[in-house]
Every structure is written in C-alpha cells, then in structure tokens.
1. Can you name every residue in region 108-138 that is more than 20 Å from Ile45 (Cα to Cα) and over 16 Å from the mean Cα position of the chain (by Cα)?
2. Does Lys134 count as over 20 Å from Ala158 (Cβ atoms) and among the charged types (D, E, K, R)?
Amino acid sequence: MISAVILSAGESSRMGRPKALLPIDGETFIEKIIGALKKTSVGRIIVILGHNADEIKRRIEPLPVEILHNPDYKLGQLSSLQVALRYLEKEADCDGVLVHLVDHPYLDAKLVETLIERFLTSGKLIVVPRYKGKRGHPVIFSRRLFAELLSAPMEQGAKAVVNAHRGDTLEIDTENEGIALDIDTPELYRQHVKGA
C-alpha cells in the first residue's frame, strides 16, 4: 500500500498568506489536492501541518485525512516528511510514500495512479514525474529508503537521497505541466489560477 503525504507546514513567507488556504476552482489548494488523492488507490492521506496549523486544520478536519503536526517546521520540508515517516514506520502495510507539496495544486489523479502502478511493478526505489525534462511532484519513495530519509542532512533535504539513488529512480514523462508548477508567490498565483 502507498500512503500519501501532503507537506503543508511552511510559513508561506513569499506568498504572504497560507498557501494551503488559497482559493482555486471554488475550493482551497489543500482541498483540491486531497480531492484528487481521494480518487486514487492511496491507502491513507496524511497532512503535515506547522505554521497556521489551527486555521488549516479547521478547514480539513472533516475530510478523510490524518493530521500530524511538525513542531520543527522552520527546519524545512525534510523535517515535515520525517514526521510522516516516523509515523508510517510503524505501519507494516506501507510499501512506500507518495510525497506532495501544498503549493502544487494541480494534482492529477490519473497521473498519481500511473506513478503508483509503475512503482509497484518496476521495483525502483523512487518514481518521479517529468514535464519537458523537468522533474516535479508528487514523488514516490520506497519504504526501503525511509531510514536514509530520516537520517538525511536537513540542509540538503530529500534531494540528497534522490541524488544517491539515480540508478534506482524511474522518471515518468507527462504532458501535465502541473507537476512542475510551484505556486509560491502572489505573481505566480495570479498567473496560473483563474480569477485570482
């Protein structure tokens, strides 16, 4: 089984307000992402909160997600992923983790299914989508990499583990630009979200 993890603990300092709660297509970024994941075969959806946790939690509590808090969110994304991994280490049925960022709202359920299917059949440790040669999100990490991710240097983040396993990484080409669309400034929000 694959568990999905949405990293939503950051301070959204460049955006100036919580990215998770930005309006998009009649809902919020985080609701849109959760909605897409609900249409896939992921076994559970975990949301990692930190900054603005109470405000975001109120919005998503009614949804079928598990909410974990990262008290060390200022250390960066890897610290949030590690909160999820420590939680999932205890779950024997978890084969891997699909990691997604809250500032990538255009998540496609069909693409997620393709990534999961290729992960389960390829035997690769990492599966990542690629748009016009550029890697994006979500990324799937095998359970076999949990220990490495938990001990990776905080300043390098998960990239240190990705770089160490180039030969064990499967890249899936997609026409979905959303995988590489990182909406983390007001300018990008206005540019890429209708009605913003």
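The values are calculated or read from the model by the stated rules, or taken from the named source; none is laboratory data. Since the structure is predicted, the reported quantities are computational estimates derived from the model, not experimental observations. Glycine gets a Cβ as well: all are built from the backbone with ideal geometry, and neighbour counts include every protein chain shown.
1. Going through region 108-138, the residues more than 20 Å from Ile45 (Cα to Cα) turn out to be 121-125, 130-135.
Matches in region 108-138: Thr121, Ser122, Gly123, Lys124, Leu125, Tyr131, Lys132, Gly133, Lys134.
2. Working: over 20 Å from Ala158 (Cβ atoms): no; among the charged types (D, E, K, R): yes.
It is false that Lys134 is over 20 Å from Ala158 (Cβ atoms) and among the charged types (D, E, K, R).
Every residue, every condition in (1) touching a strand residue (DSSP E or B) at 6+ places or on another chain (Cβ under 7 Å); (2) farther than 18 Å from Leu7 by Cα; (3) touching a residue at least 24 places away in the same chain (Cβ under 8 Å); (4) loosely packed, with under 13 Cβ neighbours inside 10 Å, yes or no:
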| site | (1), (2), (3), (4) |
| --- | --- |
| Val99 | yes, no, yes, no |
| Asp103 | no, no, yes, no |
| Asp108 | no, no, yes, no |
| Arg130 | yes, yes, yes, no |
| Glu148 | no, yes, no, no |
| Ser151 | no, yes, no, yes |
| Asn176 | yes, yes, yes, no |
| Ala180 | yes, no, yes, no |
| Lys194 | no, yes, yes, yes |
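Residue-wise test of (1) in a loop (DSSP other than H, G, I, E, B); (2) modelled with pLDDT of 95 or more; (3) in contact with a helix residue (DSSP H, G or I) (Cβ under 7 Å, 6 or more places away or on another chain); (4) at negative phi.
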site	(1), (2), (3), (4)
Leu115	no, yes, no, yes
Thr121	no, yes, no, yes
Ala147	no, yes, no, yes
Pro153	yes, no, yes, yes
Gln156	yes, no, no, yes
Val162	no, no, no, yes
Asp182	yes, no, no, yes
Gln191	no, no, no, yes
Gly195	yes, no, no, no
